[in-house]
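Notes to accompany the following structure.
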Amino acid sequence: MAPSGGIRWEHHAAADPANVGLMRTGVVQFAAAQGAGAGVQSDLALTVSEGLTNCVVHAFVAQPPGTMGLVAVALGGVLQISIVDDGCGMKPRADSPGLGIGLGLIAQLASSLEILQGPGGRGTEIRLALAAPEMRTA
Amino acid sequence: MAPVQPDRKLSEQLAEEQLAVEASTRRRTALVALRGELDLLTVSKVAEVLDGIEPQADGVRHLVLDLRGLTFMDSAGLHELIRQNEFARTNRHNLAVVRGTDAIDRLLEVTGVKDHLVLVDDPDDLAPPVGTDRPG
C-alpha cells in the first residue's frame, strides 16, 4: 500500500528505461519544492533510480513490459517512497545490465526499506524512507 | 490494457538530451567526457563510444574517462566503469577516471568500486599529461 497523508506526488508509466530518468527528475523536483536539501535530493535520485531500474530489468522477464509507479509523500521530515510494478516479481537474469547491487544501495541510503508483494498480489513494491529534516512539512 | 511503450525515436531523443558523450583522441590518448545523467537509458551510449576506441599496442594506449560533467550516475554507470576497467586490465591499456561530483564519488566509495579504479581530479594530473605519449 502506498504511503498516505502528507504532501503527495505520484507518477505511473510504462516500465521502460526512458521513463526512469523522467520519473527520477519529477520526484526530485517534488522533494526540492518541499525543502529537501541537496544531500537528500541526491540520495532520493539514486534510490529511486535503482528501484525503477529493478522494475524495468527484473519485473517483466519473459513477458511484455507492464507498468511501474512511483509515489512520494513528504511527511514530518521524512520522505516516504513507494516503487511498484505489476510484473512477475523481481527475477534474476543473466544479462542484467546492472551490478546486482541496486537493492543494497537503497538499503545503505534509506532509513528503512521493505520489499513486499505489489498491490493486488501482483508484482513488487519497494517501500523506503529517507530522513529529510529540513523539509517544511509538519 | 497494456501500457503505452515510449517510441524508439522518442527514447533515443531522450537519451540524447539526457547524456552527451564527447570523445577526442590525441596521439595515444583518448579522452571521453560525459555530460548529463548516466543510467539505464544512456549507458549504452557510453559503452558504444568506449568500445569503439579499441585501444591497441600500436594505437591508443591511454583512455581517460571524465565524469566531471555528470549530474547523476547509478549502478548502471558503475557496471560500465567496472566493465571498462576489466577490459583495460585484460587488454593491457591504461584507464583513468576523472572524479565527478561528491555524490558520484560517494557512490564509488560506498560500493567499493573506487578501490579498483585509477582516479584523478583532473586529466592534467596524469603523468605524462593527456595528449602525450607514455613510454612503453
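Longest stretch of chain B clear of exposed loop sites (trypsin sites (Lys or Arg not before Pro), DSSP loop, at most 14 other Cβ atoms within 10 Å, sites excluded): B:28-91.
To the nearest 10 degrees, how steeply does helix A:17-33 sit against the main Cα axis of chain A, on a 0 to 90 scale? So the helix axis and the longest Cα principal axis differ by about 10 degrees. Taking all Cα pairs closer than 8 Å and separated by 6 or more residues, the relative contact order of chain B comes to 24 percent.
Near the amide H of B:Val98, within less than 5 Å, lie the amide hydrogens of B:Leu65, B:Asp66, B:Leu67, B:Val120, all on another chain or at least 5 residues away, with H placed in the peptide plane. Structural descriptor for chain A: relative contact order 31 percent, calculated from alpha carbon pairs under 8 angstrom and at least 6 residues apart. The simple Förster model, with R0 at 35 Å and r as the Cβ-Cβ distance, assigns B:Ser24 and A:Thr25 a FRET efficiency of 0.75. Distance between the pseudo-spin-label points of B:Ala57 and A:Gln63 (7 Å out from Cα toward the beta carbon): 5.3 nm. Converting phi to 3J(HN,Hα) with the Karplus coefficients 6.51, -1.76 and 1.60 and the offset θ = phi - 60°, the stretch B:106-111 yields 5, 4, 5, 6, 5, 8 Hz in sequence order, with x at every glycine or proline. The angle between the Cα long axis of helix A:38-58 and the longest principal axis of the Cα atoms of chain A comes to about 20 degrees, rounded to the nearest 10.
With the contact rule set at Cα under 8 Å and sequence spacing of 6 or more, what percent relative contact order holds for the stretch B:28-73? Before the final figure, lay out the partial values.
Numbers: 57 pairs, mean separation 30.7, N = 46.
Contact order relative to length: 67 percent.
Only alpha carbons enter this Debye calculation for chain A, each as an equal point scatterer, and the log10 of I(q)/I(0) it gives at q = 0.15, 0.20 Å⁻¹ is -0.65, -1.14. Between B:Glu17 and B:Arg68, residue separation times 0.36 nm minus the direct Cα-Cα distance comes to 16.6 nm. 3J(HN,Hα) along the stretch A:105-122: 5, 4, 4, 5, 8, 8, 7, 8, 8, 10, 10, 10, 5, x, x, x, x, 10 Hz, from the Karplus curve 6.51 cos²θ - 1.76 cosθ + 1.60 with θ = phi - 60°, whole Hz, x for Gly and Pro.
Could you tell me which of rounded, prolate or oblate describes the protein assembly as shown, using a ≥ b ≥ c as the square roots of the eigenvalues of the alpha-carbon gyration tensor, with rounded for a/c under 1.5 and, failing that, prolate when a/b is larger than b/c and oblate otherwise?
Numbers: a/c = 2.31, a/b = 1.72, b/c = 1.34.
Verdict is prolate for the protein assembly as shown.
Remark: the protein assembly as shown carries a charge dipole of roughly 200 debye about the Cα centre, counting +1 on each Lys and Arg Cβ and -1 on each Asp and Glu Cβ. For the protein assembly as shown, the share of DSSP beta bridges that are antiparallel, to the nearest 5, is 70%.
Rounded to the nearest angstrom and listed largest first, the equivalent-ellipsoid semi-axes of chain B from its Cα gyration tensor are 28, 17, 13.
Read-outs: derived from the displayed coordinates by stated rules, not from any lab. Remember, it's a predicted structure, so these values are computed and weren't measured experimentally. Note that we place each Cβ from the backbone using ideal geometry, even for glycine, and neighbour counts take in every protein chain shown.
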